[in-house]
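Reviewing the structure listed below.
Every number here is computed from the coordinates shown, using simple stated rules; none is lab data. Being a predicted model, the structure only gives us computed values, none of them experimental. Virtual Cβ from ideal backbone geometry, glycine too; neighbours counted across all protein chains shown.
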């Protein structure tokens, strides 16, 4: 297909609009931004103080006790590793499937992966009795003459999470390189130096594009088995032990499905906030939420199926120790949490996502928030009831979190938001070059796009009504 | 031949006096965690006497069952430790190397008998108990898992003594504190690899059962109990 001069002109205009809209949040920082950062920062600081207090006093300031040796910390670990499946897995699958609507979504998702993994990976250290010797999990020649125990699922975890972290950072950074180069070209001052370093000498030559596309394709394929393996291994932390209701073959697929489920939900919530606060209404159109909502609906149904299959077989098998745990969650003191979880993961999201009229941006957002809450509860309900009802009734027990655990948990959510806000301030949160490629492809295949986009405000109209906001951003190179 | 240490617990002899619990605390430098912590379920007892009630009130019977680390041959706690802090010794014990422990508490979750204990804080003793610590047993720092060792320090010193005197260990020579202090001799300790030892004989008894034997942990502790199947074959 040949490119007409009209199309080239149209592309250039569009490119300027895109550059302007998507570089605007990067180039300037409002008072509101600093206020948000300060508030989130305070919560994170409280979390670090609580952790410091725990390091100083001993792990006993957390609520864990015999026999519930794992509580909030491991719940958070599994939860955040689950959230991390948003990005990489979803964006890799969408990239490989070449879904057009993925373009504005992929980077939002990949960032969640990296940050959620960093937060999740802190918890195995936070929960240790002696965190100062956590490095003993690393295989290195040492004076103790010992390697880590490769039979331990915790060591598998260590390697799986490391691999996933390195892979997902690569997967995130690769497609940002051309956008770093764009920032370098558009900005001046310290920003030019900063983005110049990050752009790694990107000049946009044919060779560089070819290498980038190849590398991204390889990573998209490689990262999928890695992502699946990570949550499989996290599930095996539980399934490998002879603990009632943990020792289950269903756990690996159940955890992977749950991870993708909570990951999509986290992605939708993040996108709704970005859309609103960075005024990206045009770039994150409702079709993205519509499609992600359908995916979330699928995962919700899959989740119910897994829970049903797990619980039915245990009830029918009627092993005394397992049934004791089952009834603890169905009829015992954990029943409220259990039914809240079912409502959050299925009861509320199902109608919101299944009925087309309700599957709006608000609808999917509400559904996603309940899913995030529900999936946190799911992890809690997997860990705590099983430990409090092990085989010998004489050693049964309970668990109640302390303020230390609650503060650290709250700090992780604030920390995630903080990292995300800071990232969106430093890097265009929507992949600019991929958007342009998508637009080019669309205009090549359907010339009518030109007519459609006429309905949008033209460049002159836009720059008129946005000059107020634009004055503040004197550092942004005028398009 | 290598030893394989084992214990037999005669439930028909146990009176629930808890002398074993006291002896164990004194021998193994077990910290007293204090009232508040004990209420939270953080008390440490390497051996505990479980009370199980049978029958309907007023016709109630209490059965006492001392529960300690079962020193499983197929122990769930061992493979899960990432740092080899819990490992299997040559003599069939589930060893716990305090200095290697990083405190994941994974072993305690995996243990089917809930006989592993965690130091939530640094150890402390009410005065004057701090003056009676056993020099043969190391103290455990905060963040470390601990459990019954079958009084490995007594086993080792008995072995060294026998080697010095150029003889074999006599049956019943190494005796853990709980066994030594049991007034009705409900606890018997010895070498399961010696078919003539008292503990081997008792372990082969028809009264013998393994605690949660169906889990396949293959404990080295055998519980002896008269029941309807062996009523006439004690």
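Points to keep in mind about this one:
- Theoretical FRET efficiency, 1/(1+(r/R0)^6), r = Cβ-Cβ of residue A:298 and residue A:442, R0 25 Å, to 0.05: 0.40
- Surface/4 estimate of mean projected area, convex hull on alpha-carbon atoms of the protein assembly as shown, nm²: 38.8 nm²
- Shielding by partners, peptide A:388-401 (average Cβ within 10 angstrom, other chains): 4
- Per-residue shielding of B:92-104, expressed as the average number of other chain Cβ atoms within 10 Å of the residue Cβ, stands at 4.
- Stretched out straight at 0.36 nm per residue, the stretch from residue A:147 to residue A:406 would grow longer than its current Cα-Cα span by 89.8 nm.
- Chain B, Rg to Rh (Cα coordinates; Rh as Kirkwood inverse mean 1/r): 0.96
- Here r is the Cβ-Cβ distance between residue A:426 and residue A:250 and R0 is 45 Å; the resulting FRET efficiency, rounded to 0.05, is 0.60.
- One equal scatterer on each Cα of the stretch A:219-377, no solvent, Debye formula: the resulting log10 I(q)/I(0) at q = 0.09 Å⁻¹ is -0.35.
- Cα-based shape type of the stretch A:351-429, given that a ≥ b ≥ c are square roots of the gyration tensor eigenvalues and the cut on a/c is 1.5: oblate
- Degrees between helix A:177-186 axis and first principal axis of chain A (Cα, 0 to 90, nearest 10): 50 degrees
- Normalised by the number of residues in chain A, the average gap of Cα pairs under 8 Å and 6 or more apart makes the relative contact order 30 percent.
- Each peptide in A:192-199, A:263-270, A:349-356 was scored by the mean count of other Cβ atoms within 10 Å over its residues; highest first, the order is A:263-270, A:349-356, A:192-199.
- What separates the Cα centres of the stretch B:114-141 and the stretch A:255-333 is a distance of 45 Å.
- Convex hull volume per residue, computed on the Cα atoms of the stretch B:1-94, equals 182 Å³.
- Prolate/oblate/rounded label for the stretch A:284-375 (Cα gyration tensor, a/c 1.5): prolate
- Between B:39, B:71, B:96, the GNM of chain B built on Cα springs shorter than 10 angstrom shows B:39 fluctuating the most.
- Rounded to 10°, Cα long-axis angle of helix A:286-317 versus longest principal axis of chain A: 10 degrees
- Value of relative contact order over the stretch B:5-224, rounded to a whole percent, pairs C-alpha under 8 Å and six or more apart: 29 percent
- Between helix A:403-426 and chain A there is an angle of about 20 degrees, using the helix long axis and the longest principal axis of the Cα atoms.
- Percent of Cα pairs exceeding the 17 Å cut-off, where the set is the stretch A:391-445: 68 percent
- FRET efficiency estimate (nearest 0.05) - Cβ-Cβ, residue A:56 to residue A:134, R0 22 angstrom: 0.85
- When you count the other C-beta atoms within 10 angstrom of each residue and take the mean per peptide, A:320-327, A:214-221 line up highest first as A:320-327, A:214-221.
- Net lengthening on full extension, residue A:170/residue A:337 (0.36 nm per residue, minus Cα-Cα): 56.3 nm
- Relative protection proxy for A:160-169, B:49-58, from highest mean packing down: A:160-169, B:49-58 (other beta-carbon atoms within 10 angstrom).
- Considering only the stretch B:5-224, percent of DSSP beta bridges that pair antiparallel, nearest 5: 85 percent
- For the stretch A:19-141: rounded, prolate or oblate by the Cα gyration tensor [a/c cutoff 1.5]: oblate
- Multiplying the residue separation of residue A:318 and residue A:203 by 0.36 nm and subtracting their alpha-carbon distance yields 34.8 nm.
- Inter-site label distance for residue A:362 and residue A:330 at 7 Å from Cα along Cβ, in nm: 3.9 nm
- As a ratio to 2.2 N^0.38 Å, the alpha-carbon radius of gyration for the stretch A:106-160 is 1.40.
- Average other protein chain Cβ within 10 Å of Cβ, residues A:122-130: 4
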